[in-house]
There are 2 protein chains.
Amino acid sequence: MTPFLDIDPDTGFGLENLPYGVFSTDKEPPRVGVRLGEFVVDLAVLESHGVVGVPGAGRQPVFDKGSLNAFMALGPDVWEAVRSHLQELLSTEGSPALRDAATLRQRAIVPLANVTMHLPARIGDYTDFYSSRQHATNVGTMFRGPENALMPNWLHLPVGYHGRASSVVVSGTDVVRPSGQQKPDDDAPPVFGPSKLLDIELELGFFVGPGNALGEPIPVEEASRHIFGFVLVNDWSARDIQKWEYVPLGPFLGKSFATSISPWVVPTAALAPFRVEGEPQGAEAGNPEPLPYLRQSEPRSLDVDLAVALETTAMREGGTAPEIVARSNATNLYWSPEQQLAHHTVNGCNARPGDLMASGTISGEEKGTYGSFLELTWRGSEPIDLPGGETRTFLQDGDRVVLSGEASRDGRRVGFGEVSGTIRPSRT
Amino acid sequence: MTPFLDIDPDTGFGLENLPYGVFSTDKEPPRVGVRLGEFVVDLAVLESHGVVGVPGAGRQPVFDKGSLNAFMALGPDVWEAVRSHLQELLSTEGSPALRDAATLRQRAIVPLANVTMHLPARIGDYTDFYSSRQHATNVGTMFRGPENALMPNWLHLPVGYHGRASSVVVSGTDVVRPSGQQKPDDDAPPVFGPSKLLDIELELGFFVGPGNALGEPIPVEEASRHIFGFVLVNDWSARDIQKWEYVPLGPFLGKSFATSISPWVVPTAALAPFRVEGEPQGAEAGNPEPLPYLRQSEPRSLDVDLAVALETTAMREGGTAPEIVARSNATNLYWSPEQQLAHHTVNGCNARPGDLMASGTISGEEKGTYGSFLELTWRGSEPIDLPGGETRTFLQDGDRVVLSGEASRDGRRVGFGEVSGTIRPSRT
């Protein structure tokens with residue numbers, strides 16, 4: 001498939017990807033578009049012209065909205081029909097309905113440089129899992145020693161917790177350094193102040209499609225039909241606040257000040273060629289056999305390369321490019337998105353269109369593959385060297401973090417773009 | 001103030017209360033009403049007739065909606081103006097605009113028996129605190145022994161966690177017994193099945209009013225301006241699922257299958273006469289002095305009587321009334337709603353109109369005042385006797401639990417009504 005627009009095939013935003021997002025321009029309010037190279041195709045315009053429609057008689061418009069929720073709710077058959085139709089409309093060899101319609105092209109195709117991106121969905125609930133074995137092992141080793149690193153439940157179920165939906169923000173949103181209670185001295189009372197141990201977490205998240213009614217679990221083999229697509233997630237974390245507050249009910253204010261996501265939702269279908277077998281679950285691999293409700297026959301893992309880059313104020317002012325401080329891959333996740341969703345709903349909990357579920361920090365086995373500064377600097381004991389002689393343990397004001405992701409295999413590339421955020425000083 | 005409608009002044013639903021809710025009838029879709037005795041006053045009708053309006057030129061209607069969110073967002077000055085106006089309109093001595101308008105009365109005043117109640121708000125985020133010292137002590141004693149009962153952070157901050165918003169349901173909704181992983185035998189692998197330790201938690205919750213922008217905390221002395229009103233909360237809990245899953249990230253599927261709330265939101269203003277000093281916080285009382293951001297000068301506590309009643313299938317079929325198994329009071333909370341909200345936002349986390357924040361289980365000092373079966377039966381070791389010779393440790397299928405609440409002082413009564421739910425058998 002060759003697009004009729006002039007785009008660089010190596011950017012990962014060709015016709016094989018076509019991620020969905022919500023954008024606005026100086027002239028138009030937020031609406032749904034797909035990204036093709038350095039362009040955004042305005043689906044609200046195409047829908048209003050009858051060039052793209054969702055199948056089903058009498059269907060209400062779904063793209064002239066400030067969120068993807070209505071489209072997410074329609075399910076995989078509709079997603080696939082729209083995706084195929086878009087590939088046909090946007091290719092040199094396909095339908096001329098857009099390609100040869102000069103006025104429509106003018107209205108519907110917008111340079112990426114002219115748009116503002118918004119959150120892709122109204123997120124009803126945000127759940128964060130903890131599905132990378134190496135990350136859980138690293139954190140457990142630091143806090144409880146290597147022999148008790150993994151908790152007894154970890155290999156039996158995808159451990160997760162409810163996150164804060166209100167503070168999920170789109171890439172580019174500044175992050176104000178949070179203040180809160182910390183207890184730096186074991187023998188003194190807690191103190192209040194700006195977090196000194198501000199960190200990131202490199203994660204992959206997915207948006208829920210149709211979802212389920214309360215009391216009606218989604219079986220693991222049907223879960224993929226409820227996964228609309230994927231984004232990069234930076235689960236900003238204040239380690240000092242988190243450490244003091246989290247017993248016994250889990251992370252709260254150490255996380256809820258901000259969670260950033262990338263604006264383009266890569267469709268589940270675009271990632272199908274990058275499905276690979278994950279780490280075996282079962283006795284042959286020395287792992288517990290999952291309980292039946294978690295047994296998945298399809299390949300569980302996604303081969304997506306991920307990177308963490310850091311740009312300090314000095315680097316920015318000196319014109320130095322962001323420095324990549326870690327490279328990881330989503331194959332480092334032990335529990336799959338389908339297993340996460342099946343587990344989440346097995347008690348009858350209802351998932352709704354637009355719910356966001358993130359993987360937890362994705363860390364590999366070597367130090368340069370860890371997805372947090374907590375791990376990369378081993379609790380701050382091993383600072384990272386940066387260009388210009390700077391070093392970092394945790395984040396300083398002015399630092400900008402950029403997470404990026406791309407799936408690449410047999411010459412096919414599917415890009416996630418990036419999620420970035422800059423640390424602003426505490427207000428208290 | 002005497003209402004012009006014939007109501008029983010002892011029910012707690014007089015003009016001093018006027019709780020808000022969302023109701024529908026056979027003829028009308030969900031809209032906002034206030035309860036007066038055994039009647040509902042339809043505010044959408046009054047608003048459309050110009051009899052009740054929210055102050056502010058060009059204000060959009062807020063009552064012809066299926067949620068209170070738009071009204072909650074307007075803040076305490078508007079709430080107070082509307083409340084005063086309603087008291088005037090509904091009293092014998094006040095405005096005749098409704099009292100003497102026969103046709104309007106016919107349309108706007110609906111018998112409670114003819115309405116269906118709905119969730120009062122679209123809940124963006126639901127947070128559950130853990131603010132009863134006796135409850136935290138009881139649970140801690142059971143799991144860690146009396147010397148380590150309270151965690152070190154408990155007296156320094158209102159411990160809380162993010163709950164699941166999607167599964168918050170209105171009173172009367174059945175609760176399907178959840179299934180999930182449990183580990184009844186320490187030396188055997190986990191098993192999957194219906195929860196055997198199904199429990200309740202007796203809580204009081206509040207709805208957030210205007211809320212705050214991301215990065216801009218709500219100071220404790222301003223927090224009451226962001227608290228729209230209160231409801232009863234039953235935080236259903238599957239103790240066996242919870243026990244296996246909750247380390248280290250907190251409760252998840254042990255709670256997320258359902259949380260029930262009462263339909264009528266008692267306005268913060270209606271509870272002002274029931275504000276009392278809480279347990280002293282500070283050295284004189286042998287408690288840690290709260291950090292400045294948590295120091296509250298106004299009385300922190302609410303004198304609201306609470307009760308837990310249980311009705312088994314046999315009792316229901318035999319015509320036996322629900323048996324009260326516990327009585328508690330909201331003064332058993334150490335941390336106030338204002339402290340909870342100030343703490344929740346101190347890191348910059350944004351609270352939005354319609355967010356729900358619950359207190360955590362409210363337990364008093366004696367056994368009959370505990371707010372959960374876990375505590376009432378001390379982990380199931382001391383069954384409760386019921387009429388007809390039945391006993392209970394945890395909930396059985398068919399059991400109906402009814403939580404009720406009322407503030408009463410100097411002849412003034414403000415009722416919360418009740419929140420109920422019946423356990424249905426597991427589907428798996």
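The values are calculated or read from the model by the stated rules, or taken from the named source; none is laboratory data. Being a predicted model, the structure only gives us computed values, none of them experimental. Cβ placement follows ideal geometry from the backbone for every residue including glycine, while neighbour counts extend to all protein chains displayed.
Tallying residues that are in contact with an Asp or Glu (Cβ under 7 Å, 6 or more places away or on another chain) and either surrounded by fewer than 18 Cβ atoms within 10 Å (Cβ to Cβ) or within 9 Å of chain A (Cβ to nearest Cβ) (or both) within segment B:163-180 yields 5.
From the list B:111, B:189, B:152, B:120, the one residue that fits, being of a type outside the set (A, V, I, L, M) and either in contact with a helix residue (DSSP H, G or I) (Cβ under 8 Å, 6 or more places away or on another chain) or crowded, with 24+ Cβ neighbours inside 10 Å (or both), is B:120. Residues in segment A:372-421 that are of a type in the set (Ser, Thr, Tyr) and touching a helix residue (DSSP H, G or I) at 6+ places or on another chain (Cβ under 9 Å) were compared, and the one that is surrounded by the most Cβ atoms within 10 Å (Cβ to Cβ) is A:372.
Here residue A:288 qualifies as at pLDDT 95 or above and within 14 Å of chain B (Cβ to nearest Cβ). Among the candidates B:251, B:292, B:194, the residue that is touching a residue at least 60 places away in the same chain (Cβ under 8 Å) and under 30 Å from residue A:177 (Cβ atoms) is uniquely B:251.
Please work out if residue B:114 is of a type outside the set (Lys, Arg) and closer than 30 Å to residue B:291 by Cα. In short, no.
Exactly one residue among A:24, A:67 is of a type in the set (Ser, Thr, Tyr) and under 20 Å from the mean Cα position of the chain (by Cα), and that residue is A:67.
Cβ separations smaller than 9 Å between residues 6+ apart or across chains give the following pairs from segment A:215-243 residues that are free of Cβ contacts under 8 Å to residues at least 12 places away in the same chain and away from chain B (no Cβ under 14 Å) to residues that are hydrophobic (A, V, I, L, M, F, W, C) and in a helix (DSSP H, G or I): A:222/A:342. Within segment A:111-135, being under 21 Å from residue A:256 (Cβ atoms) and assigned to a helix (DSSP H, G or I) holds for one residue alone: A:135.
Out of everything in segment A:265-320 that is basic (Lys, Arg) and closer than 30 Å to residue A:33 by Cβ, what residue ends up being surrounded by the fewest Cβ atoms within 10 Å (Cβ to Cβ)? Looking at residues that are basic (Lys, Arg) and closer than 30 Å to residue A:33 by Cβ, I get A:316.
Inspect segment A:115-129 for any residue being among the small types (Gly, Ala, Ser) and without any contact (Cβ under 8 Å) to a residue 12 or more places away in the chain and give the result as yes or no. Within segment A:115-129 (the criterion being among the small types (Gly, Ala, Ser) and without any contact (Cβ under 8 Å) to a residue 12 or more places away in the chain), the answer is no, since none of the residues qualifies. Here B:257, B:206 are screened, and the one residue that is at the interface with another protein chain (Cβ under 7 Å from one of its Cβ atoms), surrounded by 20 or more Cβ atoms within 10 Å (Cβ to Cβ), within 29 Å of residue B:406 (Cβ to Cβ) and at pLDDT 95 or above is B:257. Right, residue A:102: of a type in the set (Gly, Ala, Ser) and either in contact with a Cys (Cβ under 8 Å, 6 or more places away or on another chain) or touching a residue at least 60 places away in the same chain (Cβ under 8 Å) (or both) or not? Considered against the rule, which asks whether it is of a type in the set (Gly, Ala, Ser) and either in contact with a Cys (Cβ under 8 Å, 6 or more places away or on another chain) or touching a residue at least 60 places away in the same chain (Cβ under 8 Å) (or both), residue A:102 comes out as no. Evaluating residue A:187 against the criteria (1) touching a residue at least 12 places away in the same chain (Cβ under 8 Å); (2) more than 10 Å from every other protein chain (Cβ to nearest Cβ) leaves one unmet condition, (1).
Just for segment B:260-273: of the residues that are among the hydrophobic types (A, V, I, L, M, F, W, C) and within 10 Å of the chain's Cα centre (by Cα), which one is farthest from the other protein chains (Cβ to nearest Cβ)?
The residue in question is B:266.
Annotation note: of A:342, A:321, A:307, A:330, the sole residue that is within 14 Å of chain B (Cβ to nearest Cβ) and either modelled with pLDDT of 95 or more or out of contact with any Leu (no Cβ under 8 Å at 6 or more places or on another chain) (or both) is A:342.
The combined condition, being assigned to a helix (DSSP H, G or I) and either at pLDDT below 95 or within 11 Å of chain B (Cβ to nearest Cβ) (or both), is fulfilled by residue A:142.
Among residues of segment A:46-61 that are closer than 23 Å to residue A:109 by Cα, those with a Cβ under 6 angstrom from a residue that is aromatic (Phe, Trp, Tyr), sequence gap 6+ or separate chain, pair up as A:47/A:63.
The set of residues in segment A:304-330 that are outside any strand (DSSP E or B) and closer than 14 Å to residue A:404 by Cα comprises A:304, A:322, A:330. You will find that of B:195, B:132, the residue that is more than 30 Å from residue A:191 (Cβ to Cβ), in contact with a helix residue (DSSP H, G or I) (Cβ under 6 Å, 6 or more places away or on another chain) and of a type in the set (Ser, Thr, Tyr) is B:195 and no other. Among the residues making up segment A:119-139, those that are at the interface with chain B (Cβ under 9 Å from one of its Cβ atoms) and either among the polar types (S, T, N, Q) or in contact with a Lys or Arg (Cβ under 7 Å, 6 or more places away or on another chain) (or both) are A:124, A:125, A:126, A:127. The helices (runs of 4 or more DSSP H) located wholly in segment A:19-96 that include 2 or more residues which are surrounded by fewer than 20 Cβ atoms within 10 Å (Cβ to Cβ) and of a type in the set (Asp, Glu) occupy A:76-90.
Do we find a residue being closer than 20 Å to residue B:156 by Cα and either in contact (Cβ under 8 Å) with a residue 12 or more places away in the chain or outside the structural domain of residue B:154 (by TED's automatic domain parsing) (or both) anywhere in segment B:302-311? Before you say what the answer is, go through the steps one by one.
At the first step, the residues of segment B:302-311 found to be closer than 20 Å to residue B:156 by Cα are none.
No, that holds for no residue.
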